[in-house]
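Single-structure report; data block below.
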Amino acid sequence: MNTMDILMRRWHLDSESTVPPYEQIRLRILDLAASGELAVGSKLPSVRALAADLSVAANTVARAYRELEQAGIVVTAGRSGTAVASGGDAISAQVAAAADAFAAVARDLGVPHSQALRIVGAALDRAVSG
């Protein structure tokens with residue numbers, strides 16, 4: 001599942017809310033990062049892409065990203081985009097890199113998502129009991 005799908009799953013921007021749109025976006029990303037649903041290193045959609053999906057101005061998304069970056073939740077690397085920060089957690093960053101590598105191999109080999117998750121689960125079980 002890509003980052004945009006994760007962001008939009010069971011969530012929508014509430015235009016009737018008293019909470020400003022940039023704050024709703026900021027809170028959504030913060031919640032997903034804190035829960036681990038957006039893993040360390042997960043690349044966020046571009047400002048323009050997310051703005052288009054949410055039907056808001058690009059400046060709205062840019063403000064949410066900027067505030068998340070100031071809080072150390074995300075890092076922005078110019079044209080490389082914005083990603084969930086490790087927050088100094090080297091272990092999480094290393095596990096996220098290994099997960100990215102595994103996901104790339106599974107994708108390249110055409111392994112279905114559910115099967116890839118079963119493989120990871122079995123490997124974790126072996127590591128714990130081994």
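Percent of accessible area on the chain owned by carbon and sulfur, 1.4 Å probe? Please report the intermediate quantities before stating the final value.
On the way: 4680 of 8350 Å².
Carbon plus sulfur share of accessible area: 56 percent.
Assuming 1.567 mPa s and 4 °C, estimate D for the chain with Stokes-Einstein, Rh taken as the Kirkwood radius over Cα pairs, in µm²/s.
Details: Rh = 16.1 Å.
Answer, rounded: 81 µm²/s.
In Å², what does the accessible area per residue of the chain work out to with a 1.4 Å probe? Could the numbers behind the result be given before it?
On the way: 8350 Å² over 130 residues.
Solvent-accessible surface per residue comes out at 64 Å².
Using helices alone, what [θ] at 222 nm do you get for the chain, with -39,500 (n - 2.57) per DSSP H run of 4 or more residues, divided over all residues and rounded to the nearest 500? All intermediate terms of the calculation are to be shown ahead of the outcome.
Details: 6 runs with 79 residues, N = 130.
Calculated from helices alone, the mean residue ellipticity at 222 nm is -19500 deg cm²/dmol.
Could the peptides 57-64, 15-22 be put in order, highest first, of the mean number of other beta-carbon atoms found within 10 Å of their residues? Mind dumping the intermediate values first?
Details: 57-64: 18.4, 15-22: 11.5.
Highest to lowest by the protection proxy: 57-64, 15-22.
Quick one: putting +1 on the C-beta of Lys and Arg, -1 on the C-beta of Asp and Glu, what dipole do you get for the chain around its Cα centre, in Debye to the nearest 20? Don't skip to the answer; put the middle values down first.
Values: 12 positive and 13 negative charges, 51 e Å.
Approximately 240 debye in magnitude.
Work out, step by step, the length gained on full extension between His113 and Ala127: first 0.36 nm times the residue separation, then minus their alpha carbon distance; give nm to one decimal.
On the way: separation 14, 0.36 × 14 = 5.04 nm, distance 2.12 nm.
Going from the current span to full extension adds 2.9 nm.
Could you work out how far helix 21-35 tilts from the main Cα principal axis of the chain, as a 0 to 90 degree angle to the nearest 10?
Rounded to the nearest ten degrees, it is 20.
The values are calculated or read from the model by the stated rules, or taken from the named source; none is laboratory data. Predicted model, so just to flag it, every value in this text is computed and none were measured. Using ideal geometry, Cβ is built from the backbone for each residue, glycine included, and neighbour counts are taken over all protein chains shown. With ligands, DNA and RNA removed, areas are computed over all heavy atoms of the protein, side chains included. Shrake-Rupley method; radii C 1.70, N 1.55, O 1.52, S 1.80 Å.
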